[in-house]
Amino acid sequence: MKILLATYWLIPHVGGVWQFMHQLKAQLEELGHEVDLLGNSPDYTKFHIVNRGLALEKEKLLPLLDRQLFDSESPYFAHDPQHVIRSYELDRYCMELSAAYFGLHQYDLIHTQDIFAARALSRVKPKHVPLVAHVHGSVATELHTSFRNSPQMGISEQSPEWQYFTLMEHYGAASADLTITANQWQKNILTEQFGVPQQQVAVFQYGLDAVAFWQKAHAGTTIRPPFGKKVIIFPARLTYVKGINVLIDALALLKSARRDWVCWIVGDGELRGALEHQVLAASLQHDVRFLGQRDDVPALLLQSDIFVHSCYQDNQPFSVMEAQLAGLPVIVSAAGGLPEMVEHGVTGLISPVGDAIMLYQQLKILLENDHNRKQLGANAQAWASQHWSMELMMSRLLDVYTSVQPTVR
Amino acid sequence: MDADLKVRGILYNRIFAVNKIDTELLVDYEVWNKLTTELPADYQLPDMAALANIISVKE
């Protein structure tokens, strides 16, 4: 088959969607399929099919779109003083027109990676080309939270801007022949909050390329833990939603009880300065290391003893999957899809969201009892090697691809 | 064919649900001609099927 993987977001990118698309392309090509990757360019100036070097500059489209749809003489009206709707819609229509320009008749199947791409491609694809939509997160939920946390924007539940993302979540997820989520949590959001029909959504977990993971793990790292110290590791983008501040609060408590540990925070982001300040204020500067963005995370996991992901919201992060495959006990918060990834007391521990005291107690338990900690890690590894199997995900995905093919008449 | 040929935007009015603007705006012929050929016959902007609750046509 010739397959188009498409996203409204930027490609290439450091985020998980690009990682997923890149990995999926390789897997599909190994099976003999031909795959193109469509998305926004990293500088937002064009939509491109990145693997073929095809691009259409948005400046060729925007003047007419803006004049017809959104400027003061436009026949349409939307109360949108901060141009939130205008900005998203213009970019979505650029995606629709760019996809048409590149030509969609050549594809046997289109597989989108977000709600905007799903809605966009559903409107411009030939009727006979099936559309599968993966939903990797809830754009509406994230934007609604952002509006709630930014009262100065003046956007409330009654505002068109708020309703816009509700509508896009619904129509995006409902526009495909079949929609896929990685866990029940994400499916419940779509069906219960955004009115997507139950039968529209299939649930199956992501897969991890174990061969590539172990190659990187065994390639090693120059980082070594200090003698006699156990390593607590938290790889994540340094953003608010990841809840790294919760771990630092827990470590401040842990230090008063035990000194046989260090913590490695792996990743970069807008909060790095604030988190370094928090570490300093808690006198943890000799206990917590910020390692920055690194390519050797699998090898760092092999040097570590406990993995923490104390986020406020997450779907099904690759970092947790990798930690489990590496044989680490994981301590995760009860946020989003995380409780579906860990069996409490068997493959790891689950703590309430934002609860630094509980996290401290769980870290202390795992540091105190080597046997228990290693048993949880071994259980996690045995479970992960089956559950996160790439072959399993590809088999389910190919079943979906087959199920949406038009029947021969 | 001149690759940089510009034509009036109103040539592509069929994809806009309402056309009240007699625009003099010029657009790239090669791009707009190719993409409108590829679009489904019933394709229209804006996406009123999804957004009718928040976008309305001015009186």
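The values are calculated or read from the model by the stated rules, or taken from the named source; none is laboratory data. Note that this is a predicted model, so its numbers are computed, not measured. FYI the Cβ positions are ideal-geometry reconstructions off the backbone, even for glycines, and counts take in every protein chain you see.
Points to keep in mind about this one:
- Residue in region A:256-268 that is part of a helix (DSSP H, G or I) and more than 23 Å from the chain's Cα centre (by Cα) present: yes
- Checked against (1) under 23 Å from the mean Cα position of the chain (by Cα); (2) within 14 Å of chain B (Cβ to nearest Cβ); (3) not charged (D, E, K, R), A:Ala133 passes all but a single condition, namely (2).
- Hits in region A:43-55 - residues which are crowded, with 17+ Cβ neighbours inside 10 Å and either over 27 Å from the mean Cα position of the chain (by Cα) or β-branched (Val, Ile, Thr) (or both): A:Ile49, A:Val50
- Those helices (runs of 4 or more DSSP H) lying entirely in region A:1-111 with at least 1 residues of a type in the set (Val, Ile, Thr): A:16-30, A:84-102
- Selection of first residues in region A:137-165 that are surrounded by fewer than 18 Cβ atoms within 10 Å (Cβ to Cβ) and of second residues that are modelled with pLDDT of 95 or more and of a type in the set (Phe, Trp, Tyr), restricted to Cβ pairs under 8 Å at least 6 apart or on distinct chains, gives the following pairs, ordered by first then second residue: A:Ser156/A:Trp162.
- A:Pro235 in contact with a strand residue (DSSP E or B) (Cβ under 6 Å, 6 or more places away or on another chain), within 18 Å of A:Asp305 (Cα to Cα) and crowded, with 20+ Cβ neighbours inside 10 Å: yes
- Test for A:Val246: is it modelled with pLDDT of 95 or more and either in a loop (DSSP other than H, G, I, E, B) or assigned by TED's automatic domain parsing to the domain that holds A:Lys25 (or both): no
- Hey, A:Gln193 under 25 Å from A:Pro317 (Cβ atoms) and touching a residue at least 60 places away in the same chain (Cβ under 8 Å) or not: no
For every residue, the table says whether it meets (1) more than 12 Å from the chain's Cα centre (by Cα); (2) surrounded by fewer than 17 Cβ atoms within 10 Å (Cβ to Cβ); (3) in a loop (DSSP other than H, G, I, E, B); (4) more than 9 Å from chain A (Cβ to nearest Cβ).
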site: B:Asp4; (1), (2), (3), (4): yes, yes, yes, yes
site: B:Val7; (1), (2), (3), (4): yes, yes, no, yes
site: B:Asn13; (1), (2), (3), (4): no, yes, no, no
site: B:Asn19; (1), (2), (3), (4): no, yes, yes, no
site: B:Trp32; (1), (2), (3), (4): no, no, no, no
site: B:Leu35; (1), (2), (3), (4): no, no, no, no
site: B:Pro40; (1), (2), (3), (4): yes, yes, yes, no
site: B:Ala49; (1), (2), (3), (4): yes, yes, no, no
site: B:Asn53; (1), (2), (3), (4): yes, yes, yes, no
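- Failed item, numbered, when A:Tyr107 is tested on (1) more than 17 Å from A:Leu37 (Cα to Cα); (2) out of contact with any helix residue (DSSP H, G or I) (no Cβ under 8 Å at 6 or more places or on another chain): (1)
- Listed here are the helices (runs of 4 or more DSSP H) enclosed by region A:300-399 that have at least 3 residues being on the phi < 0 side of the Ramachandran plot and among the aromatic types (Phe, Trp, Tyr), and there are none.
- Residues being charged (D, E, K, R) and not in a helix (DSSP H, G or I) - total across region A:130-187: 2
- Residues satisfying the stated conditions in region A:312-334, i.e. among the hydrophobic types (A, V, I, L, M, F, W, C), at pLDDT 95 or above and buried (at least 17 other Cβ atoms within 10 Å of the Cβ): A:Val320, A:Met321, A:Ala323, A:Leu325, A:Ala326, A:Leu328, A:Val330, A:Ile331, A:Val332
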